[in-house]
1. Look at region B:75-89 and say how many of its residues are crowded, with 17+ Cβ neighbours inside 10 Å and either more than 14 Å from the chain's Cα centre (by Cα) or facing chain A (nearest Cβ under 10 Å) (or both).
2. Can you pull out the helices (runs of 4 or more DSSP H) entirely within region A:116-214 that have at least 1 residues that are surrounded by fewer than 20 Cβ atoms within 10 Å (Cβ to Cβ) and without any contact (Cβ under 8 Å) to a residue 12 or more places away in the chain?
3. Under 20 Å from the mean Cα position of the chain (by Cα), closer than 24 Å to A:E64 by Cβ and within 14 Å of another protein chain (Cβ to nearest Cβ): is that true of A:G239 in this structure?
4. Mind checking whether some residue in region A:353-368 is assigned to a helix (DSSP H, G or I) and within 13 Å of another protein chain (Cβ to nearest Cβ)?
5. Restricting to region B:63-72, give me the number of residues that are assigned to a loop (DSSP other than H, G, I, E, B) and surrounded by 13 or more Cβ atoms within 10 Å (Cβ to Cβ).
6. Looking at A:G337 and the list (1) part of a loop (DSSP other than H, G, I, E, B); (2) within 14 Å of chain B (Cβ to nearest Cβ); (3) closer than 26 Å to A:N120 by Cβ; (4) of a type outside the set (A, V, I, L, M, F, W, C), which single condition is not satisfied?
7. Within the group A:I267, A:I228, which residue is at pLDDT 95 or above and either among the acidic types (D, E) or not in a strand (DSSP E or B) (or both)?
8. Considering region A:84-115 alone, what residues qualify as being among the aliphatic types (A, V, I, L, M) and part of a loop (DSSP other than H, G, I, E, B)?
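The values are calculated or read from the model by the stated rules, or taken from the named source; none is laboratory data. Just so you know, these numbers come straight off a predicted model, no measurement behind them. So basically every Cβ, Gly included, is an ideal-geometry build from the backbone, and we count neighbours across all protein chains shown.
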Amino acid sequence: MQKYSIFNLVKNAFSNHQNWDLAWKDPTPKEEYDVVIIGGGGHGLATAYYLAKEHNITKVAIIEKGWIGGGNVGRNTTIIRSNYMHDENGLFSEFGMDLWRKMSQDLNYNVMFSPRGIINLAHSDAQMNAYARRGNSMRLNGIDAVLLNREQVKEIIPMADFSDNVRFPIFGGLMQPSAGTARHDAVAWGYARQADSMGVDIIQNCEVIGFDISAGKINGIRTSRGNIKAKKVGLCVAGSTNILAEKLNMTLPIETHLLQACVSEPIKPVLDNVVTFGAGHFYVSQSDKGEMVMGGDLDGYNSYAQKGNLPTLQHVLTEGIAMMPFLSKLKMLRTWGGIMDMSMDGSPIIDKTHIEGLYLNCGWCYGGFKATPASGWTFAHTIAQDRVHELNAGYSLNRFSTGHLIDEKGLGTKTWIS
Amino acid sequence: MLYINCPHCGMRSQNEFSYGGDASVKRPELNKEVSDQEWDNFVYNRKSLRGKHLELWQHISGCRQWIKVERDTATHEIFRTFKADEEVA
């Protein structure tokens, strides 16, 4: 594989950049693989990469219905954080933060990881207490957390509404300084390029039609480009999880919902951090191009449409304007939607299934992008070793029957309620 | 914007409604032994169909009645609406 470096950049400049190697190949599916990963999104590509890198399993195929990185890894708001209270989520995400910090070097691809900090705003004394508790839990797990009072928040984000006559005054906030953003497409492409160079076949425009299962064991998959035998199959299909589960005769604790995001026209640098509104569901950051990147609630009803509905967007942006009134002056440049695999407790599932050789990775709700490296790493471990790693032991499929829910948000079984 | 034909009030915008999830889910009978699996299916497990989906909505800013709506989850087309106690053929 051609290394991306300043020297290669200069060298290729002499030939007008016409002679760069392809970043990944376009292979024809082979008859058989050791592992087939369904879903060429961030998590699937990361899984294939860590299977090759950490476990030396390179007879791997990624099967993608569309094009790689065209799903939620290309449709998110690029926020990376580990500000969770529960141990399972905190330790898993903080492990991921380490992978994020090393990712550009590791993948030889600039993912533009920018640890600019995230601030969750508090709008009441009770919320300050809850944040103090969450911050303490985070610090006990080795995650950085700083409780800010109103004055400290004002110093960092003076453009927020600090006037006296507001419905939701800012009392303070909880900050994770090491959180941040990254360039989402580069994450997918970086993992794809490295996985490809280690022998993984990335097969695009190939839809999974069915599964070949006998005596409780998976033997392969049926696709629109023919049958493929596989010793092990991993599902990394986010919003399409329920569709594939139906083909497997499984009913999962997952509902598929639509989440929208939008960007404004580009403006000069105004916001250094990621900021979330505490009296609703709204978050904002500013991209390197200057656009304000915003998002919030789900549309609120089951949906497979990869485009959103205006009432939710209006609701979300109303919250945004309540928090930062200057946003009302901006023109909207683009809105988009992605379909989310909403689990019933708001936490993901990375586990084996009752079918031997079939592994499940789903339930990412609002937080799939930031989990990309940790999800890929632990899923690769689960597939390669045929047992869960301690980092994803809590993300079991049977926790719903045993009562070991990880209900970070306290929303119960209706994580889609807005 | 979705327009939902409330069987009690007529055609209204989605802003007046709140969503209540899959309407085909049945609570296990109380007068018999209920297995953990049956509770699981009732509380957590959902088919989340792509296509026609029968679901509960509440006309929260109107008559406050729960209703059933048959809607396509891929196109958002609404086919039929029913009162909560109406049997859907």
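1. The number of residues fulfilling the criteria is 1.
2. Numbers: elements: A:125-140, A:150-156, A:184-197.
Fully inside region A:116-214 and qualifying: A:125-140, A:150-156.
3. On the way: under 20 Å from the mean Cα position of the chain (by Cα): yes; closer than 24 Å to A:E64 by Cβ: yes; within 14 Å of another protein chain (Cβ to nearest Cβ): yes.
Considered against the rule, which asks whether it is under 20 Å from the mean Cα position of the chain (by Cα), closer than 24 Å to A:E64 by Cβ and within 14 Å of another protein chain (Cβ to nearest Cβ), A:G239 comes out as yes.
4. Taking region A:353-368 as the starting set, the residues that turn out to be assigned to a helix (DSSP H, G or I) are none.
Taking every residue of region A:353-368 in turn, none turns out to be assigned to a helix (DSSP H, G or I) and within 13 Å of another protein chain (Cβ to nearest Cβ).
5. The initial filter retains those residues of region B:63-72 that are assigned to a loop (DSSP other than H, G, I, E, B), namely B:63-65.
From the residues that got through so far, the ones that are surrounded by 13 or more Cβ atoms within 10 Å (Cβ to Cβ) too are B:63, B:65.
Matching residues across region B:63-72 total 2.
6. (1)
7. On the way: A:I228 fails: either among the acidic types (D, E) or not in a strand (DSSP E or B) (or both).
None of the others qualify; the one that does is A:I267.
8. A:M85, A:V111, A:M112
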